[in-house]
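Everything on this sheet refers to the single structure shown next.
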Amino acid sequence: MTLFSRIIKGEIPCFKIAESEQFIAFLDVFPLREGHVLVVPKVEVDKIFDLPDSYLQEMLVFAKPIAKAIEKAFPCNRCGISVIGLEVPHAHVHLVPINSADDLNFSRPKLQLTTAELKVVQLAILAELK
């Protein structure tokens, strides 16, 4: 069972942003930038392109309002999207507020945010989702 499956089952807490029958979105606790959100299908599949076609389509539709909320909550040129998939063997996309392509450089050091800081980020995004 992957880390993300354990989060989906509620065994590991997360800073949840949104949830549907098929997907969950929550803050990356080791973000590239404040506002970094993971969108994860609830089906445990390692590689994103091994997901059923319907999941691939619906994942972007699920992510769209979250990306718009991130853009409103954090000063940025846009919300970038990236698929890396090496950290956790469970398909997912990263939504990150960016000002340049370098903001999606996953080899850069990650932020070390406190629980209180993560809660502020979560609330900022949730306020824009309403």
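Within the range 101-115, which residues are open to solvent by less than 70 Å² (accessible area, probe 1.4 Å) and among the aliphatic types (A, V, I, L, M)? Hits for the range 101-115 are Leu104, Leu111, Leu113.
Going residue by residue through the range 73-83, is there one that turns out to be touching a strand residue (DSSP E or B) at 6+ places or on another chain (Cβ under 7 Å) and under 21 Å from Met1 (Cα atoms)? Looking for residues that are touching a strand residue (DSSP E or B) at 6+ places or on another chain (Cβ under 7 Å) and under 21 Å from Met1 (Cα atoms), one finds at least one in the range 73-83, hence yes. One residue stands out in the range 18-29 among those that are touching a residue at least 24 places away in the same chain (Cβ under 8 Å), more than 19 Å from Cys76 (Cα to Cα) and touching a Leu at 6+ places or on another chain (Cβ under 8 Å): the one that is surrounded by the fewest Cβ atoms within 10 Å (Cβ to Cβ), namely Val29. Against the numbered list (1) modelled with pLDDT under 95; (2) within 24 Å of Ala116 (Cβ to Cβ), Phe74 comes up short only at (1). Residues that are part of a loop (DSSP other than H, G, I, E, B), on the phi < 0 side of the Ramachandran plot and either open to solvent by less than 20 Å² (accessible area, probe 1.4 Å) or small (Gly, Ala, Ser) (or both) within the range 42-87 comprise just one, Leu51.
Here Glu34 fulfils each of the conditions (1) open to solvent by less than 80 Å² (accessible area, probe 1.4 Å); (2) under 17 Å from Phe15 (Cβ atoms); (3) among the acidic types (Asp, Glu) apart from (1).
The values are calculated or read from the model by the stated rules, or taken from the named source; none is laboratory data. The structure presented is a predicted model; accordingly, all values stated were derived computationally and were not measured. Cβ sites come from the backbone with ideal geometry, for glycine too, and all protein chains shown count toward neighbours. Surface accessibility is based on the protein's heavy atoms, side chains included, excluding ligands, DNA and RNA. Shrake-Rupley method; radii C 1.70, N 1.55, O 1.52, S 1.80 Å.
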